[in-house]
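One structure is given here, and the rest of the page talks about it.
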Amino acid sequence: VTLSATVANDTNSAGVTWSASGGGTLSNTTNSSATYTAPAATNSAVNVTVTATSVADSSKTKAVTITVAATPTIVAFQIFSGTVGTLFSEQLQGSGGVPPYKWTMTGGTLPPCVTMSTSGALTLTSGTAPTHSCLGVFYPTVTMTDSGTPTAFTTSSTFFTVMINPASAIQFTGSIFPNATENVPYTGGSVAAIGGAGSLTYTVASGALPNGINLNSTTAALTGTPTAKGTFNFTIMAADAYGDSNTQSYQIV
C-alpha cells in the first residue's frame with residue numbers, strides 16, 4: 001500500500017517521518033510517502049497502524065489503520081442436501097481473505113443435475129427439480145481464491161458433500177372389487193397410490209383391463225361396463241414426473 005502525507009504550514013518542507021505498529025514493514029520512505037507491505041496472512045485479521053509524524057513539530061501526527069485480512073479458508077464439512085422433485089439452491093461458504101471469492105472445482109463430481117458457478121452457487125442445471133437419475137451422494141473438491149490485490153490467495157483443495165435424496169416411496173393404498181358382472185356397470189374402486197414427488201399418473205404396465213373398463217390416469221379410478229367374460233390380470237404403474245414409480249398387480253374376474 002502506498003501512503004502519502006503533507007504537512008500544513010511546513011515552511012522548510014521538512015515533511016514527515018514514518019512508523020508502523022502491529023506488523024508488516026515500511027519501505028521506500030521519503031518525507032512525503034512510504035510503501036507499507038503487509039505481513040504474512042494469519043488465521044485472524046490483523047489491524048496495523050501506520051503513523052506519519054511532522055518533522056518540524058513532532059507533536060503533530062496522523063495515523064491510518066490498515067486491516068490485514070486473515071488467511072482465506074473454506075468452511076469445513078459443508079453438507080448440502082436435496083430431494084427428488086424439490087428445487088435445490090445452495091451457496092459454498094468461505095472466510096478470511098478479501099471477498100468476493102472465486103471457486104474452482106478441482107476433482108470429484110457434482111450430481112448430474114447440479115452445477116457450480118465461479119461464485120460458489122450450487123444450482124440446478126435445468127432450473128427444474130432433480131429427477132430420479134440425480135440420486136446419490138457426491139464429494140466434489142474445490143479451491144477458493146480471494147480478491148486480494150496485488151496478490152490473491154488460493155486455498156488448498158478441500159471437499160464438500162452434496163446429497164440428492166429420493167422422494168418418499170410410492171405405495172398403493174387403493175383397493176378394487178375383484179369381481180364384475182358382464183353388461184353391469186362396474187364402480188370397483190381405485191388403484192390410487194401415495195408418495196413420490198407431486199402428482200402421480202397411472203397407466204396399465206402389463207396385461208389388460210376387462211373389456212369396457214377404463215383406468216382414469218389422474219384419479220386411478222376403475223369405471224365402465226364389462227362387455228366380455230373372463231379372468232383379467234393386469235399390472236398398474238403409478239409414476240411421478242421425476243422418474244419415481246412403482247407397480248402392483250391386480251385381477252378382476
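The values are calculated or read from the model by the stated rules, or taken from the named source; none is laboratory data. Quick caveat: nothing in here was measured; it's all calculated off a predicted structure. The area values use the complete protein model at the heavy-atom level, side chains included, leaving out ligands, DNA and RNA. Shrake-Rupley method; radii C 1.70, N 1.55, O 1.52, S 1.80 Å.
How large is the accessible surface per residue of the chain, computed with a 1.4 Å probe and reported in Å² as a whole number?
With the other protein chains kept in place, the chain gives 54 Å² per residue.
Could you work out the relative contact order of region 44-106? I mean the mean sequence separation of Cα pairs under 8 Å and 6+ apart, divided by the number of residues, in percent.
Details: 68 pairs, mean separation 19.2, N = 63.
Relative contact order here is 31 percent.
Could you check which residue among P185, P166, P140 shows the biggest mean-square fluctuation in a GNM of the chain with a 10 Å Cα cutoff?
Result: P185 has the largest fluctuation of those listed.
Pick from G196, G108, G230: which residue has the top mean-square fluctuation in a GNM of the chain where Cα pairs under 10 Å get a spring?
So, out of G196, G108, G230, the one fluctuating most is G230.
Which sequence of Y202, Y139, Y101 reflects their accessible areas, 1.4 Å probe, from the largest down?
The ranking, largest first, comes out as Y139, Y101, Y202.
For region 143-166 and region 30-55, compute the distance between their C-alpha centroids and round to whole Å.
29
Carbon-plus-sulfur fraction of the accessible area of the chain, 1.4 Å probe, in percent?
For the chain, the apolar C and S fraction of the accessible surface comes to 54 percent.
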